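Comments concern the structure below.
The values are calculated or read from the model by the stated rules, or taken from the named source; none is laboratory data. These figures come from a predicted structure and were not determined experimentally. Methodologically, a virtual Cβ is constructed for each residue, glycine included, from the backbone with ideal geometry; neighbour enumeration extends over all protein chains shown. Ligands, DNA and RNA are excluded from the accessible area calculation, which covers all protein heavy atoms including side chains. Shrake-Rupley method; radii C 1.70, N 1.55, O 1.52, S 1.80 Å.
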Amino acid sequence: MKLLVLTGAGVSADSGLATFRGSQGLWEGHRVEDVASPEGWRRDPSLVWRFYQMRRAALSTVQPNAAHLALAALEARCRQRGAEFRLVTQNVDDLHERAGSKPLHMHGELAWLRCERCGTRVRDLEHLDAECFVPCASCRAPRLRPDIVWFGEMVPSAEECLRLAAACTHFLAIGTSGAVYPAAGLIDVARRAGARVLVQSLDEPSNLAGVDEFHPGRAVEVVPVLCRALAQLLP
Ligand code: APR
């Protein structure tokens, strides 16, 4: 068994982090291109920095929920039984790590900052002042940027994710609306490769197909049940 799990904002919604496209969507009050694009950063770095500093500071106020924990337990179980398990997330929070998983972050991580001048990356959740930039300790550039993949930027792990999707036997998508590519295309690659496809979300995602098994509901309630069922399939 080769299991690939793709998570989106819905898996962290029950921990209290806003999703993007709901009525309480994270972008509310901001235009996406103002706070999550390289052009926005060049035009008004203070606005972008304040937006991300708020999100970075919010990490310490939330905890992994039952869905994050169930996925970490399933990963440990797969490892014990010699089955392959990979977790790919579009989320930039660190809740999967704090639950014990080792996810691949397609869209970057709030906990990391990066220097556009010299490329240095630093893990930093200490400097959370919304009004102060963090300079680069390596090259002295005046400000590091959030290590987030913004709209219009390349997704560095895209090829690896597509390879994983093409090779999996079971694909589980959780809490993602299927609106943002390349992540939204992984399900199709897995389907074409003949994988069994399970989809968990509150609302039906736009890329759901008739052959998929759709498990509607809140992630905290449904994901632990799905993880137990998948564990039963292990050798
Ligand atoms: N449990 C399960 N699913 C939920 C829950 C919940 N408690 N709450 C919301 N959802 C579902 C919604 O029904 C929706 O389908 O989670 C999905 C969230 O969709 P989006 O807000 O579009 O989030 P996501 O798919 O992760 O967005 C992808 O878009 O803006 C970018 O970079 C950002 O990584 C993000 C990407």
Based on this model, can you work out whether Leu186 counts as crowded, with 18+ Cβ neighbours inside 10 Å, closer than 27 Å to Ala36 by Cα and within 22 Å of the chain's Cα centre (by Cα)? yes
If Cys115 satisfies all but one of (1) open to solvent by less than 10 Å² (accessible area, probe 1.4 Å); (2) assigned by TED's automatic domain parsing to the domain that holds Arg31; (3) touching a Phe, Trp or Tyr at 6+ places or on another chain (Cβ under 7 Å), what's the number of the condition it fails? (3)
Within the range 97-153, work out how many residues are assigned to a strand (DSSP E or B) and among the acidic types (Asp, Glu). 2
Of the residues in the range 167-178, those that are in a loop (DSSP other than H, G, I, E, B) and either under 13 Å from Val11 (Cβ atoms) or more than 8 Å from the ligand (Cβ to nearest atom) (or both) come to Cys168, Thr169, Gly175, Thr176, Ser177
Does Arg42 satisfy being part of a helix (DSSP H, G or I), outside the structural domain of Tyr181 (by TED's automatic domain parsing), within 16 Å of the ligand (Cβ to nearest atom) and out of contact with any Lys or Arg (no Cβ under 7 Å at 6 or more places or on another chain)? no
Looking only at the range 71-88, which residues are over 21 Å from Ser157 (Cβ atoms), open to solvent by less than 20 Å² (accessible area, probe 1.4 Å) and part of a helix (DSSP H, G or I)? Leu74
Total residues in the range 206-220, condition farther than 14 Å from Val11 by Cα and within 11 Å of the ligand (Cβ to nearest atom): 3
Among the numbered criteria (1) within 9 Å of the ligand (Cβ to nearest atom); (2) surrounded by 13 or more Cβ atoms within 10 Å (Cβ to Cβ); (3) at negative phi; (4) part of a loop (DSSP other than H, G, I, E, B), which one does Val223 miss? (4)
Can you tell me how many residues in the range 226-235 are open to solvent by less than 20 Å² (accessible area, probe 1.4 Å) and outside any loop (DSSP other than H, G, I, E, B)? 4
So which residues in the range 179-213 are in a strand (DSSP E or B) and within 19 Å of Thr169 (Cβ to Cβ), if there are any at all? Arg196, Val197, Leu198, Val199, Gln200, Glu213
Among the residues listed as Arg196, Arg192, Arg143, Arg163, the single one being outside the structural domain of Leu3 (by TED's automatic domain parsing), of a type outside the set (Ser, Thr, Tyr), more than 16 Å from the ligand (Cβ to nearest atom) and more than 15 Å from the chain's Cα centre (by Cα): Arg143
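So which residues in the range 118-143 are charged (D, E, K, R), open to solvent by 20 Å² or more (accessible area, probe 1.4 Å) and without any contact (Cβ under 8 Å) to a residue 40 or more places away in the chain, if there are any at all?
If the condition is that a residue be charged (D, E, K, R), open to solvent by 20 Å² or more (accessible area, probe 1.4 Å) and without any contact (Cβ under 8 Å) to a residue 40 or more places away in the chain, then Arg121, Arg123, Glu126, Arg140 are the ones that fit.
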Enumeration of residues in the range 166-175 that are under 13 Å from the mean Cα position of the chain (by Cα) and of a type in the set (A, V, I, L, M, F, W, C): Ala173, Ile174
